[in-house]
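Inspection log for the structure reproduced underneath, given as structure tokens.
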Amino acid sequence: SLAEIYSILDFLPDISIYDGMRMALPDEVWNFRRGDGIEKAFLLADFIIHKDPSAEVIIQSGKNNVILKHSGTDYLFKTVKNHQKVIRIVGNNYEIT
């Protein structure tokens, strides 16, 4: 379930496999069992969209925090990459502000 995946991601170390602003892909986060919060948020978004291709996910990143919003629930992560972005994903479409 979504709650179980979030729980697993929340437990993983908040350390990216990459230095600087480069980001790990969702499969790298899962395989290496660690990732920055923004990387974990994208993995969770990937899981959500894979289960429901019409789902809407919003990822807000900035000031050491990442919030993934989906179906009225906020999923919180910590980040040191500090990408100041809002990303809205609906199926295969996305917009970045």
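So how many residues does segment 16-38 have that are in a helix (DSSP H, G or I) and touching a residue at least 24 places away in the same chain (Cβ under 8 Å)? Before the answer, list the steps.
The first filter runs over segment 16-38 and keeps only residues in a helix (DSSP H, G or I), leaving 26-32, 37-38.
Remaining after also requiring touching a residue at least 24 places away in the same chain (Cβ under 8 Å): 37-38.
Qualifying residue count for the region: 2.
In segment 18-37, which residues are among the aliphatic types (A, V, I, L, M) and open to solvent by 40 Å² or more (accessible area, probe 1.4 Å)?
Filtering segment 18-37 down to residues among the aliphatic types (A, V, I, L, M) leaves 21, 23-25, 29.
M21, M23, L25 - these are the residues of segment 18-37 that are among the aliphatic types (A, V, I, L, M) and open to solvent by 40 Å² or more (accessible area, probe 1.4 Å).
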- Query: Quick check, is E4 of a type in the set (D, E, K, R) and either surrounded by 14 or more Cβ atoms within 10 Å (Cβ to Cβ) or on the phi > 0 side of the Ramachandran plot (or both)?
  - Reply: no
- Report yes if some residue within segment 38-55 is over 20 Å from N93 (Cβ atoms), among the small types (G, A, S) and out of contact with any strand residue (DSSP E or B) (no Cβ under 6 Å at 6 or more places or on another chain); otherwise report no. no
- Kindly indicate the residue of segment 38-97 that is of a type in the set (D, E) and open to solvent by 60 Å² or more (accessible area, probe 1.4 Å) and also nearest to S16 (Cα to Cα) among those meeting that condition. D46
- Message: Is it the case, given these coordinates, that S61 is in contact with a strand residue (DSSP E or B) (Cβ under 9 Å, 6 or more places away or on another chain), under 21 Å from G91 (Cα atoms) and of a type in the set (G, A, S)?
- Response: yes
- Task: Return yes when P13 is open to solvent by 30 Å² or more (accessible area, probe 1.4 Å) and either in contact (Cβ under 8 Å) with a residue 24 or more places away in the chain or polar (S, T, N, Q) (or both) and no when it is not.
- Result: no
- Hey, can you tell me all the residues within segment 77-91 that are in contact (Cβ under 8 Å) with a residue 24 or more places away in the chain and either in a strand (DSSP E or B) or touching a strand residue (DSSP E or B) at 6+ places or on another chain (Cβ under 6 Å) (or both)? F77, K78, T79, H83, K85, V86, I87, R88, I89, V90
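The values are calculated or read from the model by the stated rules, or taken from the named source; none is laboratory data. Keep in mind that what you see is a predicted model, and the values were worked out from it rather than measured. A quick note on method: Cβ atoms are made from the backbone with ideal geometry, for glycine too, and the neighbour counts reach across all protein chains shown. When the accessible area is computed, the model is the full protein with side chains, heavy atoms only, and any ligands, DNA or RNA have been set aside. Shrake-Rupley method; radii C 1.70, N 1.55, O 1.52, S 1.80 Å.
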